[in-house]
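Reviewing the structure listed below.
The values are calculated or read from the model by the stated rules, or taken from the named source; none is laboratory data. Computed from a prediction, not measured in an experiment: that's the story for all the values here. Note that each Cβ is placed from the backbone with ideal geometry, even for glycine, and that neighbours are counted across all protein chains shown. Surface accessibility is based on the protein's heavy atoms, side chains included, excluding ligands, DNA and RNA. Shrake-Rupley method; radii C 1.70, N 1.55, O 1.52, S 1.80 Å.
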Amino acid sequence: QVQLVESGGGLVQPGGSLRLSCAASGSIFSIYRMGWYRQAPGKQRELVATIFSGGSTNYADSVKGRFTISRDNAKNTVYLRMNSLKPEDTAVYYCNEHLGPYDYWGQGTQVTVSS
């Protein structure tokens, strides 16, 4: 059974930083595309960043240059480093594991950017 557990969310002031982690179990982590998505109140879930098994990455335009996704296959963990946070980054952040027809989600972690 695949399980994704996010951690690292919290309250941070504008301009601050956070690092989210997502620990995966129950799958061959290294072959999956991993991603971070977010959903703000009243909005649809949106892609933040993805990282493929080979290490290539993609980012939403709104986070380019501020967020960095990385993965440690030895630890079955994907990270999202978030710098220069803005109030509009406030959302529940979800970890995603994807390969072909398989799609798995974590429970989400709240990130609130506010002074």
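Do any residues in region 16-44 that are under 15 Å from residue 6 (Cβ atoms) have Cβ atoms under 6 Å from those of residues that are basic (Lys, Arg) and assigned to a strand (DSSP E or B), where the two are at least six apart or on different chains, and which pairs are they?
Between residues of region 16-44 that are under 15 Å from residue 6 (Cβ atoms) and residues that are basic (Lys, Arg) and assigned to a strand (DSSP E or B), the close pairs are 19/81; 34/71.
Filter region 68-112 for residues that are assigned to a strand (DSSP E or B), touching an Asp or Glu at 6+ places or on another chain (Cβ under 6 Å) and not polar (S, T, N, Q); which is modelled with the lowest pLDDT?
The qualifying residue modelled with the lowest pLDDT is 104.
Among the residues of region 84-91, are any open to solvent by less than 60 Å² (accessible area, probe 1.4 Å), within 17 Å of residue 3 (Cβ to Cβ) and touching a strand residue (DSSP E or B) at 6+ places or on another chain (Cβ under 8 Å)?
Within region 84-91 (the criterion being open to solvent by less than 60 Å² (accessible area, probe 1.4 Å), within 17 Å of residue 3 (Cβ to Cβ) and touching a strand residue (DSSP E or B) at 6+ places or on another chain (Cβ under 8 Å)), the answer is no, since none of the residues qualifies.
Could you list all residues from region 92-101 that are without any contact (Cβ under 8 Å) to a residue 40 or more places away in the chain and open to solvent by 60 Å² or more (accessible area, probe 1.4 Å)?
Selection gives 101 alone.
Go through region 1-10 and count every residue that is closer than 19 Å to residue 63 by Cβ and in a strand (DSSP E or B).
2
All but one of (1) surrounded by fewer than 17 Cβ atoms within 10 Å (Cβ to Cβ); (2) within 15 Å of residue 99 (Cα to Cα) hold for residue 32; which doesn't?
Here residue 32 clears every test but (1).
Restricting the search to region 82-98, which residues are touching a Gly at 6+ places or on another chain (Cβ under 6 Å) and under 20 Å from residue 34 (Cα atoms)?
The answer is 92, 94, 95, 96.
Quick test of your reading of the structure: residue 64 fulfils all but one of (1) in contact (Cβ under 8 Å) with a residue 40 or more places away in the chain; (2) loosely packed, with under 12 Cβ neighbours inside 10 Å. Name the failing condition by number.
(1)
Run down 56, 62 and say which single residue is touching a helix residue (DSSP H, G or I) at 6+ places or on another chain (Cβ under 9 Å), modelled with pLDDT of 95 or more and among the polar types (S, T, N, Q).
When all the criteria are applied, what remains is 62.
Of the numbered conditions (1) of a type in the set (Ser, Thr, Tyr); (2) in contact with a strand residue (DSSP E or B) (Cβ under 8 Å, 6 or more places away or on another chain); (3) over 26 Å from residue 100 (Cβ atoms), residue 27 fails exactly one; give the number of that condition.
(3)
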